[in-house]
Each structure stands twice: as C-alpha cells, then as structure tokens.
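Trainee: Right, I'll just put the structure down here and ask away after.
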Amino acid sequence: MLLVLITAVILISFNLKLPAGCLIIAGASLGIIIVRKASSLNTSFKASLKEFSSMNERKDGVIIDFSHRIREPLNNLVIISDMLMESGLQKKQKELLETFIASTNNMVTTVNELTMQSAGNLSYEHRKAIRFNLFSTIQNTIELYSLKDEANIDFILNKKEFNEFECLAIP
C-alpha cells in the first residue's frame, strides 16, 4: 500500500494526475481491505482465546471436582490402614497391609500432584517417607493377581526371606 502511494506521488511530480489519482484510490481501497481483514482476524483470535479459556476452566473444574470426590475415601483408607497397622497383625497380614498403604499413598500423591498442576502450583508439602519391603510388596501384588478367578498369569517368586530388602520411599 505504501509503495502504491509513493508511486502516486512520483506520478504527480511528472504531472500525471489521472494515473496518480487512480493509484491513490487503489491504495486507499487496499488499506481499507487490510484494516477490515486485520480487524476480522483480531475478532476471530479473541473468540478462539475466549473458547480456549473456557475449556481450560471446565477442565480445571472437572479435576477439582474429581479431587474433592476422591480425597475423602482416600483419607478414610489411610486412617483405617494406620489403625490396622497398630492392631498387632500377623506377619503376612502386615505385609499385605504395607502393600495396601503404599498403594493408597501413591494414589494420594497422584491426586495431590494432579490438583496442584491444575491450579498452576507445582509446590506442595510432600508426605512423610514410607518404609516398605520391596520383595514383600512384589510377592503380595503377585498373590493379589493370583486370587482373581480369571487370572491367566502364573508368577513364580523364589525367595523365602524378605527381611534384607527393606526400602524407604521418599516422595
């Protein structure tokens, strides 16, 4: 557009007023078209941005709702498992409960991370460290799968004593 107007000024200096006038009209028309198209694109961009914002808010709402709905049952599981752990269980029962506690704590951590990421806050207070026996946890998981009626998988774990495989999970 600027080039058209410069050309029109040059034509006027050579006393070619009719072609210069036509170029000025063409340049002005081109300018109007560009301004309208830019305005249309700007409006479209704003609408897309608003729609994206709305979708993002709905996603955050779903995550927050999910978090609130799952936290209460998870907290109940943590409390009950802590109480059971102090109730003088047999060794095998204690090992199964340790697996249950580790899984529950994993779920709590996952829900916390998901909620914090959704809120845009990646810093939160970590839970205390969890002590567990790795091989005992693996064996308990294998036994849980083998309890299923339709289990088509056989696991074999050849280890009698698991005491030497104590682990500390630090979130």
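Trainee: Just checking, does region 68-86 include any residue being open to solvent by less than 70 Å² (accessible area, probe 1.4 Å) and over 30 Å from residue 105 (Cβ atoms)?
Mentor: no
Trainee: Answer yes or no as to whether residue 41 is modelled with pLDDT of 85 or more and surrounded by fewer than 11 Cβ atoms within 10 Å (Cβ to Cβ). Even if it seems obvious, please write down each step before you answer.
Mentor: On the way: modelled with pLDDT of 85 or more: yes; surrounded by fewer than 11 Cβ atoms within 10 Å (Cβ to Cβ): yes.
When the stated conditions are applied, residue 41 passes them.
A quick yes/no check of all residues on (1) at positive phi; (2) more than 26 Å from the chain's Cα centre (by Cα); (3) in a helix (DSSP H, G or I):
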position	(1), (2), (3)
67	no, no, yes
70	no, no, yes
74	no, no, yes
89	no, yes, no
97	no, yes, yes
102	no, no, yes
106	no, no, yes
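Trainee: Return the residue satisfying two criteria in turn: it lies in region 97-144 and is of a type in the set (Phe, Trp, Tyr) and more than 19 Å from residue 68 (Cα to Cα), and of such residues it is modelled with the lowest pLDDT.
Mentor: The selected residue is 132.
Trainee: Given the conditions (1) outside any helix (DSSP H, G or I); (2) open to solvent by less than 90 Å² (accessible area, probe 1.4 Å), and given that residue 15 satisfies all but one, which numbered condition is not satisfied?
Mentor: Residue 15 satisfies all of (1) outside any helix (DSSP H, G or I); (2) open to solvent by less than 90 Å² (accessible area, probe 1.4 Å) except (2).
Trainee: Moving on. Name the single residue, out of those in region 48-87 being touching a helix residue (DSSP H, G or I) at 6+ places or on another chain (Cβ under 9 Å) and more than 25 Å from residue 116 (Cβ to Cβ), that is modelled with the highest pLDDT.
Mentor: The residue in question is 84.
The values are calculated or read from the model by the stated rules, or taken from the named source; none is laboratory data. Note that the structure is predicted; figures quoted are calculated from it, not measured. Quick reminder, even Gly has a Cβ in these numbers, built from the backbone with ideal geometry, and neighbours come from all protein chains shown. Each accessible area value is taken on the protein alone, full model and side chains, heavy atoms only, with ligands, DNA and RNA left out. Shrake-Rupley method; radii C 1.70, N 1.55, O 1.52, S 1.80 Å.
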